[in-house]
Each structure stands twice: as structure tokens, then as C-alpha cells.
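To start, the structure under review is shown below, and the notes come after it.
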Amino acid sequence: MSSTDLSSAQTERKSPVSRPIPVLEIFGPTIQGEGMVIGQKTMFVRTAGCDYRCSWCDSAFTWDGSAKDQIRQLSSEDIWSELTTIAGNRFSHVTISGGNPALLPQIGELVKLLQARGIRTAVETQGSRWQDWLLDINEVTLSPKPPSSGMTTDWQKLDEIVQRLANRTSDKAYSLKVVIFDEKDLEYAREVHKRYPEVSMYLQTGNPDVTGDVDNHVSSLLHRYEWLIDRTMELPDMNEVRVLPQLHTLVWGNKRGV
Ligand SMILES: C[S@@+](CC[C@H](N)C(=O)[O-])C[C@H]1O[C@@H](n2cnc3c(N)ncnc32)[C@H](O)[C@@H]1O
Ligand SMILES: Nc1nc2[nH]cc(C(=O)O)c2c(=O)[nH]1
Ligand code: SF4
Ligand SMILES: [Mg+2]
């Protein structure tokens, strides 16, 4: 091979044709309303498509076809350009959610691009799929689904994902977050905590009314939060968990893009 051939081969290897990312929403800056970095100023990138169908999903438009006309196939550069158009320099953190972003290997390129621009990243995923780019994410939230969701946990898969995240360097954080609607869900969360005692564990109030404006939504959510606090305080195996509401739902209800 001549030197010209070699350099063109190298160029090809450096810039493979990349697959676009199916995006439903890019918004912010707003606060992260849930989990391990609650209150963090962040942008959100919400991908389309999910391998689950949770009965109470507050983002069902990502997978039920109702927003299929709004899905845009964007490159990482397109996403960066939109983030900076919307938010200028008023952000340093991006949360990738969905849907399940871990269905998409091509997010690896976006993560690298954000890192190169000094932006920290977080991901919301249910722990059903692995992608190597999860190794580069600053805060990974794994949210396995309790019985009320109607989904079944693949424990072997979750074990594998937790193991891989546990082997990362200490500057990279991860946690488990379980949404709780009832006693059975709480029982499930206790099982999860017992299985992964070393992993930071968050319990999150479930929002049963995910469509439109609801009367007394805040007070009903706060009652559910109070119930979850009371129950957790009674349980000696839950001394190290953190109990949180969905902060953004208390502030903005079911509004999209906040
Ligand atoms: C919409 S999901 C997208 C990311 C990923 N599919 C997952 O479930 O982790 C983002 C977070 O919202 C939570 N969530 C969804 N619907 C909810 C509801 N009705 N009440 C409380 N949390 C909810 C999920 O459990 C998850 O932690
Ligand atoms: N503010 C705000 N915080 C969030 N935390 C997790 C969200 C999600 O839908 O993944 C979310 C969201 O949609 N908005
Ligand atoms: S896994 Fe997440 S996005 Fe998928 S249906 Fe459940 S809550 Fe919704
Ligand atoms: Mg949400």
C-alpha cells in the first residue's frame, strides 16, 4: 500500500459514516428533577424508542407512536448546535433520557463530542441494555421497573450492567432509582437494594396522573411522597436509601419540555 493509500485508509477509520440519533426533544436549561443529581442545572436530550411499555410511563410519546411526526434524525453536531442555540453558554451538563437511550450505540459519538466541549453528561435508563458509551457518562441512573409498571426485570442483565458500572473509575458515578406506587413496588425496591447493597439507592414517588392538567396534583403527589417517607422510615433495611419526589412535576405538573 502506498503512503497515500494508508493515509486515506486512516482517514476513513477516523470518520466512519455515523448513524443519526432519533431525537424527540431538546430542552433546558432546567433542573434535573429526579435522583442522584436532583437540582443540577442541565439540558435534556430525549431520544425516541423504548424496549419497555411501562403502564404509567410519563414519556409514553417516545414509544407509543403519538409523536412519531416529531422524531428528528440528528447528528451529534446537529444536537450540539441546537443545545447552544437554545441555551448559549448557560449550561455545562447534559442529561440524555428517552425512551431508552441505551438502545442507541450511536450516542457514543454525542457523548465524546460533549466531553470534548467540557460538558458533563448524565443518562436515564432502565438497566435493560448495555452500551460501551455508558463507561464515559458522569452520572448513570439505572431505574429498574417495579411490578406496578407491568414490566419484568431481567436480573442477569441488570447484574451485568451494575458490574460494568462498578468497575469504572471513581470520578464516574451511578445509582439505582426505583419508582414506587404501592407496597408491592416497595417490596421490589427492597429486593433491588438487597441485591446491590453497595449502590446508592433512590426511591421516587410515582405520578399516577401523567396526562394533562390534574386538580390537586401537587397535594396528591405530596401525600404519596409522605406515604413513601413514612414507610421507608419504618424499614431497618432501608436506612441508607434516599427518598425523593419528582421535583419538576411539583413545579410544572405534566408540562412537556421542562
Ligand atoms: C421517562 S423515563 C426515560 C428513561 C428510561 N426509560 C427509564 O425509565 O429509566 C425517565 C424516568 O422517569 C421515571 N418515570 C416515568 N414515569 C413516571 C411516573 N409516572 N412517575 C414517576 N416516575 C416516572 C422513570 O422511572 C425513569 O426513572
Ligand atoms: N426537569 C426534569 N427532570 C427530569 N429528570 C428525569 C427526566 C426524564 O424524563 O428523564 C426529567 C424531565 O423530563 N425533566
Ligand atoms: S422504561 Fe422508561 S421510557 Fe420506557 S416505558 Fe418505562 S418509564 Fe417509559
Ligand atoms: Mg420525565
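On the given criteria, is Asn207 closer than 28 Å to Val111 by Cα, at pLDDT 95 or above and either away from ligand 3 (no atom under 16 Å from the Cβ) or touching a helix residue (DSSP H, G or I) at 6+ places or on another chain (Cβ under 6 Å) (or both)? Judged against the criteria, Asn207 is not a match. Report yes if some residue within segment 59-70 is out of contact with any strand residue (DSSP E or B) (no Cβ under 9 Å at 6 or more places or on another chain), within 16 Å of ligand 4 (Cβ to nearest atom) and hydroxyl-bearing (Ser, Thr, Tyr); otherwise report no. The answer is yes; a qualifying residue exists.
The residue that is nearest to ligand 1 (Cβ to nearest atom), among those in segment 14-61 that are polar (S, T, N, Q) and over 20 Å from Glu139 (Cβ atoms), is Ser55. Does Thr62 qualify as being hydroxyl-bearing (Ser, Thr, Tyr), open to solvent by less than 40 Å² (accessible area, probe 1.4 Å) and under 19 Å from Arg19 (Cβ atoms)? Yes, satisfied. Pairs meeting the criteria (first residue in segment 229-258 and more than 16 Å from ligand 4 (Cβ to nearest atom), second residue open to solvent by 90 Å² or more (accessible area, probe 1.4 Å) and among the hydrophobic types (A, V, I, L, M, F, W, C), beta carbons under 9 Å, at least 6 apart or on different chains) are Val243/Met233. Do we find a residue being charged (D, E, K, R), within 19 Å of the chain's Cα centre (by Cα) and within 19 Å of Met36 (Cα to Cα) anywhere in segment 184-202? For segment 184-202, residues charged (D, E, K, R), within 19 Å of the chain's Cα centre (by Cα) and within 19 Å of Met36 (Cα to Cα): absent. Consider Gly99 carefully, then state whether it is at positive phi, within 13 Å of ligand 3 (Cβ to nearest atom) and not basic (Lys, Arg). In short, yes.
The values are calculated or read from the model by the stated rules, or taken from the named source; none is laboratory data. Worth saying up front: this structure is predicted, and the values here are computed from it rather than measured. Virtual Cβ from ideal backbone geometry, glycine too; neighbours counted across all protein chains shown. Heads up: the accessible areas ignore ligands, DNA and RNA and are worked out on the full protein's heavy atoms, side chains in. Shrake-Rupley method; radii C 1.70, N 1.55, O 1.52, S 1.80 Å.
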